[in-house]
1. Quickly run through the range 352-371 and pick out the residues that are crowded, with 24+ Cβ neighbours inside 10 Å and without any contact (Cβ under 8 Å) to a residue 60 or more places away in the chain.
2. Scan (1) open to solvent by less than 20 Å² (accessible area, probe 1.4 Å); (2) in contact (Cβ under 8 Å) with a residue 60 or more places away in the chain; (3) within 16 Å of the chain's Cα centre (by Cα) for the single condition Ser218 breaks and write down its number.
3. Does the range 1-21 hold any residues that are modelled with pLDDT of 90 or more and open to solvent by less than 60 Å² (accessible area, probe 1.4 Å), and which are they?
4. Identify, from the list Ala453, Ala477, the residue that is hydrophobic (A, V, I, L, M, F, W, C), modelled with pLDDT under 90 and crowded, with 19+ Cβ neighbours inside 10 Å.
5. Which residue pairs have Cβ atoms closer than 8 Å, lie 6 or more positions apart in sequence or on different chains, and pair a first residue in the range 293-305 that is within 17 Å of Ala373 (Cβ to Cβ) and without any contact (Cβ under 8 Å) to a residue 24 or more places away in the chain with a second residue that is open to solvent by 10 Å² or more (accessible area, probe 1.4 Å) and in a helix (DSSP H, G or I)?
6. Taking into account only those residues within the range 333-390 that are more than 18 Å from the chain's Cα centre (by Cα) and aromatic (Phe, Trp, Tyr), which is nearest to Pro303 (Cα to Cα)?
7. For the subset of the range 245-266 comprising residues that are assigned to a loop (DSSP other than H, G, I, E, B) and among the acidic types (Asp, Glu), which member is modelled with the highest pLDDT?
8. Could you identify the single residue in Leu395, Leu336, Leu384 that is within 27 Å of Leu308 (Cα to Cα) and either of a type in the set (A, V, I, L, M) or open to solvent by 60 Å² or more (accessible area, probe 1.4 Å) (or both)?
Amino acid sequence: MGSSGDPKPEATCTKPYGIRFIVYIRNSAIPFRTYQTIVLVVTFFAYASYHATRKTTSIVKSTLDPEASVSSLSFSPWPRNHFLRSTELKNGWAPFDGSDGSALLGELDVAFLAVYSMGMYFAGHLGDRLDLRIFLTVGMVGTGVFTSLFGFGYWFNIHSFYYYLIIQMIAGLFQATGWPSVVAVVGNWFGKKKRGLIMGIWNAHTSVGNIAGSLIASALLKYGWGWSFVVPGLLISFVGLVVFLLLPVTPASVGAEKEDDEEQSPKKIAEGVTEPLLGSESDVVKDKPVGFIEAWKIPGVAPFALCLFFSKLVAYTFLYWLPFYISQTAIDGKYLSNATAGDLSTIFDVGGVLGGILAGHISDRLDARAITAASFMYCAIPALFFYRCYGYVSLYVNIALMFVTGMFVNGPYALITTAVSADLGTHSSLNGNSRALATVTAIIDGTGSVGAAIGPLLTGYIAAKSWNGVFTMLMVAALVAGLLLTRLVIAEVAAKIQYSRSQGGIQSRPETTMPEV
């Protein structure tokens, strides 16, 4: 898993051409704060474009399989006779137009997410060893190409299930490059101070991408479902070009000097001694990238990774099945069109934006990531229950309950995949080694993505009998996610009680690291 002779990340990075051009035009160096702004904006749109391409499948599902009925779906483990079916679009799109259509679409989801989750581990390993700007660019362009190839099936009249299966699997592999790369880059530029709030706001890219993907795909359906894939594919390829031209991976790669308040991120240890979370550039920093097994042993990585497994199971079930669920549910006695259902589903992501910001801000104020994440997961349980039981009453009730559900479901998901991953990737046990961010992020999100693959797959089969069963599964998953953080929650509470006693009642809040468990 690397050797001491591996090059430093900044040694393998070159200054982006766009940055060189800006410096040339300005005829002066770019301020550190400006670099931070560039990083946040570029990575925001980069990962938003990843999610925009990922969202298209859920919007097109009802067009590919319009005759699906929740009460009469018949599933089979694997598809049968994918080649000899009707090609009339009004009756769906073979091979997804039969009684097992939803099962086939579910299998595409799980194939995509299975490869995505496995690829995440390798992407994190490579991300700590390669130029993240080039790595991210290749991933984005590759994602664009294979997303577009899925859409080409419409014009080339392709009805082979295995064509769409292979395309989705390769697309999942390219998509795996995204998350470890953007979190590692942001982590390189921002210390722990206000990281939860900053990354909570920044993590709105997930919901913005989902919303943009939903609106674009829904708007283009009337022109042919192929456009719903090709346009997002072209979009992410264009943003990939922007990443190549502008993204500075590390301060050292562009010769940026940290300002005084950015030089180090202090942490309090039990004895009250303050030391930097990451050493200054004058300190001796390990060159060796952190190995996969070593990263798993970092305190807090395993429980948060397992928590994310169940958290993403819930979040991605909504991501892939919410538009379909809405279109199959009578709201105030009426069924919505596929396009309207897709547009309405964006309310879940709007709630997710607020949830991510709130979770980040609250965790910063309390300095308690585990307490915040667990609390949100527990609150998601009644939110899921009320959405299922009362979402059909009226459109306004559905919107309100969907918003609240999105807030509590996506809040901890956003917190764990951003601030928590960055915290653990710069944990004190690494002794200043800054080359663990991508690996730790990949472990946490890769494990979560396994749950993200299982949730939509199980939903396809459970929904055949009852959507009540689906929501029961989601509530149980939310409960387990919260329980997995119990030891960390207890450790955080104990640390705060101990600190309060040691300070003799002083109300100042300590800066703590992730609890050692």
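The values are calculated or read from the model by the stated rules, or taken from the named source; none is laboratory data. None of the values given here were measured: they were computed from a predicted structure. Cβ: placed from backbone, ideal geometry, glycine included. Neighbour counts: every protein chain shown. These accessible areas exclude ligands, DNA and RNA; they are computed on the full protein's heavy atoms, side chains included. Shrake-Rupley method; radii C 1.70, N 1.55, O 1.52, S 1.80 Å.
1. Gly355
2. (3)
3. Pro16, Gly18, Ile19, listed by residue number.
4. Result: Ala453 is the single residue among Ala453, Ala477 that is hydrophobic (A, V, I, L, M, F, W, C), modelled with pLDDT under 90 and crowded, with 19+ Cβ neighbours inside 10 Å.
5. Ala302/Trp296
6. That would be Tyr378.
7. Glu257
8. After ruling out the rest, the residue left standing is Leu384.
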